[in-house]
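Colleague: Encoded as structure tokens, here's the structure I'll be asking about.
Values in this text are rule-based calculations from the coordinates and carry no lab data. Bear in mind the structure is a predicted one, so any value in this text is a computation, not a measurement. Quick reminder, even Gly has a Cβ in these numbers, built from the backbone with ideal geometry, and neighbours come from all protein chains shown.
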Amino acid sequence: MDGTSGSTSRKRLFIGLIGGSCALLCTLLVLLWVVPYIGLKKLHPYAPLMLGVLVGLALVLVLWACLGLLLSIVVHRPLPLTGRMRGLTIKFLLPLMSLLGRSLGISKEDIHTSFIKVNNELVLREMDRFPPHKILLLMPHCLQNSRCDMRLTYDIDNCKRCGRCPITGLLALRDRYGVHLAIATGGTIARRIVTQKRPGMIIAVACYRDLSSGIQDTYPLPVFGVLNERPNGPCLDTTVPLDRLEAALLRFLKD
């Protein structure tokens, strides 16, 4: 009985959501037809002017934001009134870039890699330095040797430091500089780690797809992305250039 009742409730919810969505969509479509048909002036004498002002303001904001972003990348420093360029890039430009790139036949990897590069430049430009306890090194689980039986997601110190994967070098970096180090198997665990550690910034290692989504998910928390290396293909015994990771860490580490 309970299972049947639960299934019926879910079905009713689904039907209600579909019905509500269809009603909303039909209303919007009717409005799109009615407003041009009857004319804006018939709604109000100043309606065309008001719409023109709103559209003009939106155009000015979009053009200023895009121009500010491009110039800040070229001149290597933030311009006045463009302090939220990283947010604009993360929230709006990446989806538009993906759509435009796919329509032009550009690979998703190239699009996301370019986004990560621009994000890193903006993070380098905008961020200050942090004490060690405010920096989190967030790693993907595929860095761990696939034949290793140790569970490192919940306690990375379970690692035996055998040297068969990059975790040994990452633990050495953590011990040398006193920063946080964690391994995540997915977005849910990554968010839990961020909530627990409460870092001021994250230096994350992952593939282009996971890095892009992680940068979006954690905004406004700054994330500096380092692409992993995949000699055995995706998600299997990947590696990380420790020298690049250490250089990034030293850029953000206070003292």
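Colleague: How many nm is it between the label spots at His141 and Arg176, if each spot is 7 Å from the Cα in line with the beta carbon?
Modeller: Simple spin-label model gives 2.8 nm for this pair.
Colleague: Among His133, His44, His112, His141, which comes first, then next, by fewest other beta-carbon atoms within 10 Å?
Modeller: Taking fewest neighbouring Cβ atoms as first place, the list is His44, His133, His141, His112.
Colleague: A follow-up question, please. Please order Val118, Val205 by the number of other Cβ within 10 Å, starting at the fewest.
Modeller: Val118, Val205
Colleague: Going by how many other Cβ atoms sit within 10 Å of their own, how do Leu245, Leu99 line up, fewest first?
Modeller: The fewest-first ordering by Cβ neighbours comes to Leu99, Leu245.
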